[in-house]
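To keep things clear, I will list the structure first and then write my remarks on it.
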């Protein structure tokens, strides 16, 4: 293969890298020109999406290091959309003084997302993880005026470094015992039954590393402080795009690479393997995330513990396995990403007008901005799983697929636990809605209006995201059928 052909197949990633360098250069030339950086970043992402649509249907380079398939292309587009919706939020954030540098970090993180999604080789997956993680550490600590941002960046870096070490050690064990890092070849080694003990150690260490990325308990300790301390757009991107890519890659690793040692999480026929490990992580995440969220008075910390619980829900599809289980996981994590970007954007607007993001700062928000309050209600009720919103269909898809999996409905215990967690979560989501629609504000903040300057682009983005959540709830087949049809 010539370098020109390689460049054609990796054109979307190359476009994002070039855009990041151009945005960084323009910001360094003159502060006056930095106002064009968000527009340029958005055009770069749009160009990358067009390049993705022009790629061939199937290609496999260097033993799985770069795999082009309908599923990979679809989720690269979804990851780029999360980055695109983060740009207006970043442009409206006053605390981000050097926007060109921030947007460059966002774009480079998006390249990491694309490499993660587009690879089926463990070494390239690790490189993609690091290329994603390093910009996220910088983005979390980007607000130099806020000590909590520095704390968030430090904690994220320390926890992330430990998780990366676990992942790398796990990959090294797998490579040492199987002689390959390609997921398909690793699966053949597992099927042969050679070197099982050290391969199992490699599986456990790899799952520990990805447990950090998907915010699963007990690897979630970084999330509350990072979600609360990081700048709003950073928290939104960490909670959305990073999670989508992580679940795509985790699904490939366990279902393709580790498929022969799946085991069983059925309550009446438990068999050792990665499935009962993920089931334990899911159960702990659902219980801990929902119950600790009940005690939160800061909305961003509430969303962080909610993310822990949603990580547990999303794992159900991987435990169920098969095309239906994986597609249910991918649909749910996509819907969750869109919803959480919108929720964080509304929190940013509340923080901008009231100076904080605690529950009391949301008091009377519906009176000041009915449209944004309605959008926030859509986001929260979708997270709770109420119809006719996208979160309802996502949970229904997940729970029904998990219920049908296994022998004699052996995963019923996990579905029952997830339903119980959903009922608990409804309480703390309704607390936020109560503050917005029932309580009255003690201060006299001005109303938030949709204009043509200032925060208007972010507000329009919020409304569009709310419309997307409602649309996917009413017509979920538009995304679910596309995901299922892209499955190999």
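The values are calculated or read from the model by the stated rules, or taken from the named source; none is laboratory data. Nothing here was measured: the structure is a model prediction, and the numbers come from that model. Here Cβ is always computed from backbone atoms with ideal geometry, including for glycine, and neighbour counts include all displayed protein chains.
In segment 204-216, what residues are buried (at least 22 other Cβ atoms within 10 Å of the Cβ) and part of a helix (DSSP H, G or I)? Listed by number, the residues that qualify are 206, 207, 209, 210, 211, 212, 213. In segment 356-371, the qualifying residues are those that are out of contact with any strand residue (DSSP E or B) (no Cβ under 7 Å at 6 or more places or on another chain) and outside any helix (DSSP H, G or I), and the one that is farthest from residue 440 (Cα to Cα) is 356. Among the residues of segment 426-456, the ones that are assigned to a helix (DSSP H, G or I), buried (at least 19 other Cβ atoms within 10 Å of the Cβ) and modelled with pLDDT under 90 come to 0 in all. Scanning segment 224-272 for residues that are in a loop (DSSP other than H, G, I, E, B) and within 18 Å of residue 105 (Cα to Cα) gives 230, 231, 240. Scan segment 293-306 and give yes if some residue there is buried (at least 20 other Cβ atoms within 10 Å of the Cβ), over 13 Å from the mean Cα position of the chain (by Cα) and not in a helix (DSSP H, G or I), otherwise no. There is at least one residue in segment 293-306 that is buried (at least 20 other Cβ atoms within 10 Å of the Cβ), over 13 Å from the mean Cα position of the chain (by Cα) and not in a helix (DSSP H, G or I). Residue-level check: of (1) over 21 Å from the mean Cα position of the chain (by Cα); (2) closer than 21 Å to residue 340 by Cβ; (3) assigned to a helix (DSSP H, G or I), residue 275 misses just (2). The single condition among (1) buried (at least 17 other Cβ atoms within 10 Å of the Cβ); (2) modelled with pLDDT of 95 or more that residue 420 does not satisfy is (1).
Of the helices (runs of 4 or more DSSP H) that lie entirely inside segment 50-155, those containing 3 or more residues that are within 19 Å of residue 251 (Cα to Cα) and more than 15 Å from the chain's Cα centre (by Cα) span 70-91, 122-140.
For (1) surrounded by fewer than 23 Cβ atoms within 10 Å (Cβ to Cβ); (2) under 30 Å from residue 346 (Cα atoms), each residue gets a yes or a no:
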{"site": "35", "(1), (2)": "yes, yes"}
{"site": "38", "(1), (2)": "yes, yes"}
{"site": "48", "(1), (2)": "no, yes"}
{"site": "51", "(1), (2)": "yes, no"}
{"site": "55", "(1), (2)": "yes, no"}
{"site": "63", "(1), (2)": "yes, no"}
{"site": "69", "(1), (2)": "yes, no"}
{"site": "74", "(1), (2)": "yes, yes"}
{"site": "88", "(1), (2)": "yes, yes"}
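Yes or no: residue 20 farther than 18 Å from residue 245 by Cα, touching a strand residue (DSSP E or B) at 6+ places or on another chain (Cβ under 7 Å) and surrounded by 13 or more Cβ atoms within 10 Å (Cβ to Cβ)? Here the answer is no, as residue 20 does not meet what is asked.
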